[in-house]
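What follows is a single structure, written as structure tokens, with notes after it.
The values are calculated or read from the model by the stated rules, or taken from the named source; none is laboratory data. All of these numbers come straight from a predicted model, not from anything done at the bench. Don't worry about glycine lacking a Cβ; one is built from the backbone with ideal geometry, like all the others, and counts go over all protein chains shown. These accessible areas exclude ligands, DNA and RNA; they are computed on the full protein's heavy atoms, side chains included. Shrake-Rupley method; radii C 1.70, N 1.55, O 1.52, S 1.80 Å.
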Amino acid sequence: MHLSSKWAYYAKSCPIMIILLIIATKLNIFSYKSSEAKIDIALQSTNTSQDQEWAPQQQDIDQWENNAPFLHCPHGSDRRKEGLQKFKELVAANESSFCSCPSEVTFLLVTNLPEDQSPDSEHLYRLCGCNYAHVRLDSESAWLGMQWNFKYKVTPALQWLETNHASLPEDSFIMFSDAFDTGLIGDASNMVQHFLDYDCEMLGMSTVADWPPNKEFKLFESEKYPWSKCRPHLSSGAWMARVADALSYLRIWEADWTEKEGGMTETEKTRGWDDQMAFRRLHKRFYPRFKVDTLAKIWTRSDSSMNCI
């Protein structure tokens, strides 16, 4: 009997075999998903209560004051110099009555500094008794060279978490911030509750700047946070999440460049992969599980408009 005749025979006499073969084939196809897609599915299967649109209570908007315990002084902020000077003055005063940290948060820094140097942000963490980890890049871990690269905000933090997450307190949180221009200037003891108020998995720092300029993300962020006129956009300068969620989002953030290097936007096609553009891409993809701290409950940018919501 020829092969084609055999299949004709089985198809006629055993139709159930054809159905089983089809099912097996489809299951085999679904097994070949990329690592990013598997992470995406895992995120989609958790915390379905966070799939709803979100807005703060009106009284939170009407009575809003900027009491953020962390100050961000990026290039482009019109009070950058004053903010960086404030960090130095607080460190020099060597007095901790102005600050506090919650025990359930581990603060994460990544720098390319040698062992005998520390940024002011680390001095402030020490002064305030915070639990923190300083990931120092060296000639082995800095695979792109010792000069700072956007990718160093993602992969080294992920590698540290993958190595150390099991040793962190159960149900604890991670807060990452840019080491050289972000610092603790106030009472952060309630930052976990402030995070929980947003009902999200990942919370990113807010900014007035649409940077890098992108019409799609600018419109999306403005539409999702209409109450915010001075800080509706996302900055990759700081973020906070539970440890497990941090691992998941960092893996997707890393995959944005390891699997899609070459530029996802016109800006990236000419300038190369950009950590903030990728972070905004993740925000749009996972909102409302990924939100922006538009109420400056944790971080605020050092601008003359910092008291404007």
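Could you check region 131-180 and list, in sequence order, the residues that are touching a Leu at 6+ places or on another chain (Cβ under 8 Å) and part of a loop (DSSP other than H, G, I, E, B)? Can you show your working first?
Quick first cut of region 131-180, residues touching a Leu at 6+ places or on another chain (Cβ under 8 Å) only: 132-136, 146, 151-152, 154, 156-158, 160-162, 165, 174-177, 179.
Matches in region 131-180: 146, 154, 179.
Conditions tested, residue by residue: (1) touching a strand residue (DSSP E or B) at 6+ places or on another chain (Cβ under 6 Å); (2) over 23 Å from residue 216 (Cα atoms).
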position	(1), (2)
238	yes, no
246	yes, yes
255	no, no
259	no, no
265	no, no
270	no, no
283	yes, no
292	yes, no
302	yes, yes
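Cβ contacts < 7 Å: first residue closer than 16 Å to residue 131 by Cα, restricted to region 157-169; second residue assigned to a loop (DSSP other than H, G, I, E, B) and among the acidic types (Asp, Glu), any location; separation 6+ or different chain. Result?
Cβ pairs passing all conditions: 169/104.
For residue 86, all conditions in the list (1) farther than 23 Å from residue 305 by Cα; (2) open to solvent by 40 Å² or more (accessible area, probe 1.4 Å) hold save one; what is the number of the exception?
Going through the list (1) farther than 23 Å from residue 305 by Cα; (2) open to solvent by 40 Å² or more (accessible area, probe 1.4 Å), residue 86 breaks only (1).
Okay, residues lined up against (1) assigned to a helix (DSSP H, G or I); (2) closer than 22 Å to residue 292 by Cα:
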site: 54; (1), (2): no, yes
site: 59; (1), (2): yes, yes
site: 65; (1), (2): no, yes
site: 71; (1), (2): no, yes
site: 77; (1), (2): no, yes
site: 81; (1), (2): yes, no
site: 85; (1), (2): yes, no
site: 89; (1), (2): yes, no
site: 98; (1), (2): no, no
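Out of region 209-227, which residues are open to solvent by less than 100 Å² (accessible area, probe 1.4 Å) and assigned to a loop (DSSP other than H, G, I, E, B)?
Matches in region 209-227: 209, 210, 212, 213, 214, 225, 226, 227.
Have a look at 96, 77, 141, 118 and point out the one that is surrounded by 20 or more Cβ atoms within 10 Å (Cβ to Cβ) and small (Gly, Ala, Ser). Let's see the steps before the verdict.
Numbers: 96 fails: surrounded by 20 or more Cβ atoms within 10 Å (Cβ to Cβ); 141 fails: surrounded by 20 or more Cβ atoms within 10 Å (Cβ to Cβ); 118 fails: surrounded by 20 or more Cβ atoms within 10 Å (Cβ to Cβ).
Result of the check over 96, 77, 141, 118: 77.
Residue check: is residue 125 in contact with a strand residue (DSSP E or B) (Cβ under 6 Å, 6 or more places away or on another chain), of a type outside the set (D, E, K, R) and open to solvent by 40 Å² or more (accessible area, probe 1.4 Å)? Full working, then the answer.
Working: in contact with a strand residue (DSSP E or B) (Cβ under 6 Å, 6 or more places away or on another chain): yes; of a type outside the set (D, E, K, R): yes; open to solvent by 40 Å² or more (accessible area, probe 1.4 Å): no.
Judged against the criteria, residue 125 is not a match.
If you go through region 256-266 one residue at a time, do you hit one that is in contact with a helix residue (DSSP H, G or I) (Cβ under 7 Å, 6 or more places away or on another chain), aromatic (Phe, Trp, Tyr) and either assigned to a helix (DSSP H, G or I) or open to solvent by 10 Å² or more (accessible area, probe 1.4 Å) (or both)?
The first filter runs over region 256-266 and keeps only residues in contact with a helix residue (DSSP H, G or I) (Cβ under 7 Å, 6 or more places away or on another chain), leaving 256-257, 259, 263-265.
Now restrict to residues that are aromatic (Phe, Trp, Tyr): 257.
In the following step, the residues that additionally are either assigned to a helix (DSSP H, G or I) or open to solvent by 10 Å² or more (accessible area, probe 1.4 Å) (or both) were identified as 257.
Scanning region 256-266 turns up at least one residue that is in contact with a helix residue (DSSP H, G or I) (Cβ under 7 Å, 6 or more places away or on another chain), aromatic (Phe, Trp, Tyr) and either assigned to a helix (DSSP H, G or I) or open to solvent by 10 Å² or more (accessible area, probe 1.4 Å) (or both).
Look through 294, 300 and report the one residue that is at pLDDT 95 or above and part of a loop (DSSP other than H, G, I, E, B). So that I can check it myself, show each step before the final result.
Details: 300 fails: part of a loop (DSSP other than H, G, I, E, B).
Within the list 294, 300, the selection yields 294.
Would region 233-247 turn up any residue that is more than 20 Å from residue 158 (Cβ to Cβ), open to solvent by 20 Å² or more (accessible area, probe 1.4 Å) and assigned to a helix (DSSP H, G or I)?
The first filter runs over region 233-247 and keeps only residues more than 20 Å from residue 158 (Cβ to Cβ), leaving 233.
Now drop any that are not open to solvent by 20 Å² or more (accessible area, probe 1.4 Å), which leaves none.
No, the conditions are met nowhere in region 233-247.
Which numbered condition trips up residue 105, out of (1) of a type in the set (A, V, I, L, M); (2) touching a His at 6+ places or on another chain (Cβ under 9 Å); (3) under 14 Å from residue 191 (Cβ atoms)?
(2)
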